[in-house]
Amino acid sequence: MTDRVLTRVKAVICIYCGEVVVGDIEVMDGAAEAIRESFVKHDEGCTQNPIRTERERLRAERDLLRAAIALDAPALLEVLAEAEHTRWANWMRYQQTAPAEKRADWPRKAALAYWGMTNEEQESDRIEARKTLEIVRTYLRAAVDAFDKEG
Ligand SMILES: [Zn+2]
């Protein structure tokens, strides 16, 4: 026969909402873990628990920032597409006024991969890439600002 001790638990009461989580019961030795688990379960779901409230606020913030950095907002796509059109239109205008020696070099440049160009040649592409980065930066800042206003 194993030794089993009967213990009386008067009550386990939530400090936030005052609910009696475990009432006046008698338990066999070893049941303490089950009592603790039922209290933890109440604690995690207790609407008066400030830690639970803060955890939910932080999860909402995390979800909003995840959505922002996924960069799949239709408005962002439109702003980037607008920038592409502007880039193309500027290129079309430049083509008509570019010096003949520049134009003569375009087939060579067009045949090269970005990594095959000189650093100076790459810089003109970096200038355009920086414009795109600024659009993305502006979008991410606006997403964070919108969250700050909500919170
Ligand atoms: Zn509670």
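The values are calculated or read from the model by the stated rules, or taken from the named source; none is laboratory data. Keep in mind that what you see is a predicted model, and the values were worked out from it rather than measured. Backbone-built Cβ (ideal geometry, glycine too); neighbour counts: all protein chains shown.
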The one condition in (1) over 30 Å from F147 (Cα atoms); (2) within 16 Å of the ligand (Cβ to nearest atom); (3) in contact (Cβ under 8 Å) with a residue 24 or more places away in the chain that R36 fails to fulfil: (3)
- prompt: What number of residues in region 41-92 are within 24 Å of the chain's Cα centre (by Cα), of a type in the set (S, T, N, Q) and over 30 Å from V20 (Cβ atoms)?
  reply: 0
- request: Could you check, for region 114-131, whether at least one of its residues is of a type in the set (F, W, Y), free of Cβ contacts under 8 Å to residues at least 60 places away in the same chain and either exposed (fewer than 11 other Cβ atoms within 10 Å of the Cβ) or under 20 Å from L77 (Cα atoms) (or both)?
  value: yes
statement: Restricting attention to region 37-87, the residues that are closer than 30 Å to E134 by Cβ, in a helix (DSSP H, G or I) and not basic (K, R) number exactly 22
Filter result (under 21 Å from E56 (Cα atoms) and at pLDDT 90 or above) within region 12-39: C14, I15, Y16, C17
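Picking from I51, I35, which residue would you name as being surrounded by 12 or more Cβ atoms within 10 Å (Cβ to Cβ) and either not charged (D, E, K, R) or not assigned by TED's automatic domain parsing to the domain that holds D145 (or both)?
That would be I35, the only listed residue that is surrounded by 12 or more Cβ atoms within 10 Å (Cβ to Cβ) and either not charged (D, E, K, R) or not assigned by TED's automatic domain parsing to the domain that holds D145 (or both).
Pick from R108, R59, R87: which is of a type in the set (K, R) and closer than 30 Å to I15 by Cα?
Of R108, R59, R87, the one residue that is of a type in the set (K, R) and closer than 30 Å to I15 by Cα is R59.
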query: Here are some conditions: (1) of a type in the set (A, V, I, L, M); (2) more than 16 Å from the ligand (Cβ to nearest atom); (3) surrounded by fewer than 11 Cβ atoms within 10 Å (Cβ to Cβ). I15 meets all but one. Which one does it not meet?
result: (2)
message: From the list A89, A73, exactly one residue is surrounded by 11 or more Cβ atoms within 10 Å (Cβ to Cβ) and either assigned by TED's automatic domain parsing to the domain that holds V40 or among the small types (G, A, S) (or both). Which is it?
response: A73
- request: Taking E54 as meeting all but one of (1) within 30 Å of Y139 (Cα to Cα); (2) more than 16 Å from the ligand (Cβ to nearest atom), write down the number of the exception.
  value: (2)
